[in-house]
Amino acid sequence: MGVISTVLGFSGFGFGFSAGIVIGYFLFIYVQPNDVKDVKVRPLVEYDSKSLEAILPEIPLWVKNPDYDRIDWLNRFLELMWPYLNKAICKTAQEIAKPIIAENTAKYKIDSVEFETLTLGSLPPTFQGMKVYVTEEQELIMEPCLKWAANPNVTVAVKAYGLKATVQIVDLQVFALPRITLKPLVSTFPCFAKILVSLMEKPHVDFGLKLLGADVMAIPGLYRFVQETIKKQVASMYLWPKTLEVPIMDPSKASTKPVGILLVKVVRAQNLRKKDLLGKSDPYVKLKMSDDKLPSKKTTVKRSNLNPEWNEDFKFVVTDPETQALEINVFDWEQVGKHEKMGMNSVQLKDLPADETKVTTLELLKTMDPNDVQNEKSRGQLTLELTYKPLKEDMEKEGTESTDVVEKAPDGTPAGGGLLYVIVHEAQDLEGKHHTNPYAKITFNCEEKKTKVIKKNRDPRWEDKFEFVCEEPPVNDKLHVEVLSKAPKKGLIHGKENLGYIDINLADVISNKRINEKYHLIDSKNGQIQIEMQWRTS
């Protein structure tokens, strides 16, 4: 019976298997489901955000937010440079940590703290996108979206009281949205003076922590506590508007912002050497600040006089009193031909006391070379009265609240009211009738200054700076700005054209200390001009 049962069992299995294949094939070929629809192919732009999130596990930020740009080139750059950046960053971190460790080991009676291994792993951070802000200030603002799933191996060995403990950090994940600001933008490489970094939202930081080989983060409740602690600490230090400031350049070298006013009075000259064959010389003095592109200032010409007295006052803007000098040249005026130099000298501003008048008598020299034997011969003396008046620091730096009251100049200072600092940044949508070669003309208190000419440009960018020394705050005065188009050299028919103008009341500049705005040009269809003005008191 057992043999017969076995044979029948195999026979039944063979019959059933064969019948199942035949019936299944028949159903697969001839029976069609009724609820199956044709596949529709749709572009991604027709899907809403929820559908996209269901289809794609992770949507790049530049897809979800049109304000963010793709920066695949930067991710590719990091991928290629990461082996070298990894070593450089780890080396820098060790150098920064050494003095901090040395300071705290003695404080907490620890024998030593050493890095047994320090590597950030083989996976570089990636940027999901970047947003760039355009402002009217001299700055560049970027907001990259950073995601980093790293495989670091950081092992720190701590020795104390004869015992050794190792702490290891593994499996690091960082999601952050920082704001990076480069400011101010300057014309000296690397073209920005400092970097400001802040976080726009609380970062997500996740990592594994092993103590003596055991996973400490597996302790119930510890993981959430560490997460919240890190977020609170980082947010308290760097969450916007708080920033981390990284200086790149010396502020004095990065900016040509005025820091003082030099008052010069040319009193007299004595015992000048005669230059003319017939009659006496006709001397005058030329004054100029070193590293200043402005033209020299001149005294009047004293006819046929070798001991002239001028008593004439001049004002100069100082940008760097540590390196700048007042350059002085005395010339003999000639009606025909080149004026002959009678002597020269200079005064270093760093040798002048602040807010004190210094009377000095200078020996006129042939050259400024101290080893030149020609300087031993006397060429006369020049007497000057010099007063260096530093400008007050900005209110933000002093940490005081700004007020609407402008501090007056000290008593007895005839020309110490202050300095009006004007920066003509750019113009937009200028349109001339026959040509567009724009330049701006600034007029204030009968003093006229011009920017450079930019040819064939409707959106010129000048970035030209001008200073106006004022005896008192110009509360009731106006700054007249006129944009003109210079006629081309071949333009004999069409001369210069007026592209628009604007009159700016200076009362707001005096009260706010600084204004940076765009103004619509009068007599222009769509023209605008951006002007920054600063008021600094002496």
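Here, each number is a calculation from the coordinates, and none is a lab measurement. These figures come from a predicted structure and were not determined experimentally. We place every Cβ from the backbone using ideal geometry, glycine too, and count neighbours over all the protein chains shown.
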Cα-based Rg of the stretch 204-343 normalised by 2.2 N^0.38 Å, two decimals: 2.32
Rough spin-label spacing in nm, given labels placed 7 Å along Cα→Cβ, for residue 18 and residue 151: 5.5 nm
Cβ-derived FRET efficiency at R0 45 Å, residue 323 paired with residue 525, nearest 0.05: 0.45
Amide N proximity, the stretch 515-532 versus residue 187 label position 7 Å along Cα-to-Cβ, cut-off under 18 Å: 531-532
The stretch 111-174: equivalent-ellipsoid semi-axes (sqrt of 5 x gyration tensor eigenvalues, Cα, Å): 39, 16, 7
Pairs beyond 29 Å (Cα-Cα), from 315/452; 298/456; 98/232: 298/456
Estimated vicinal HN-Hα couplings, Hz - the stretch 83-93 in sequence order (Karplus 6.51, -1.76, 1.60; Gly, Pro = x): x, 7, 5, 4, 5, 5, 5, 5, 5, 5, 5
Cβ charges +1 (Lys, Arg) and -1 (Asp, Glu), total dipole of the stretch 57-251, debye: 480 debye
Karplus-derived 3J(HN,Hα), 6.51/-1.76/1.60, for each residue of the stretch 373-383, Hz, glycine and proline x: 5, 5, 6, 6, 7, 6, 10, x, 10, 10, 9
FRET efficiency estimate (nearest 0.05) - Cβ-Cβ, residue 478 to residue 359, R0 56 angstrom: 0.90
All aspartates and glutamates inside 15 Å of residue 147 as judged from Cα atoms, apart from same-chain residues fewer than 8 positions distant: 58, 72, 79, 171, 201, 206
Cα-based equivalent ellipsoid of the stretch 57-251: semi-axis lengths in Å, sorted from largest, via gyration tensor: 33, 22, 17
Residues residue 180 and residue 227, FRET efficiency given R0 of 35 Å [Cβ-Cβ distance, rounded to 0.05]: 0.90
Karplus-derived HN-Hα couplings along the stretch 134-146 (A = 6.51, B = -1.76, C = 1.60, θ = phi - 60°), whole Hz, x at Gly and Pro: 9, 10, 8, 8, 8, 7, 10, 10, 10, 10, x, 9, 9
Projected label distance in nm at residue 268 and residue 443, using a 7 Å step from Cα toward the beta-carbon: 4.1 nm
DSSP-assigned coil residues among trypsin sites (Lys or Arg not before Pro) in the stretch 447-538, each with at most 13 further Cβ atoms within 10 Å: 452, 455, 456, 489, 490, 525
Additional length obtainable on full extension of the chain from residue 377 to residue 280, 0.36 nm per residue less Cα span: 33.0 nm
Principal axis dimensions, the stretch 418-537 - Cα atoms, whole angstrom, descending: 46, 24, 21
Difference of contour (0.36 nm per residue) and Cα-Cα distance, residue 305 to residue 453: 49.0 nm
The stretch 418-478: relative contact order in percent, alpha carbon pairs under 8 Å with at least 6 residues between: 46 percent
Global form of the stretch 74-139, assessed from the alpha-carbon gyration tensor, a/c cut-off 1.5: oblate
Dipole of the stretch 418-537, positive end: most advanced residue of 479, 444, 521 [Cβ charges, Cα centre]: 521
Inter-probe distance in nm under a simple model that places probes 7 Å from Cα toward Cβ, at residue 515 and residue 96: 4.3 nm
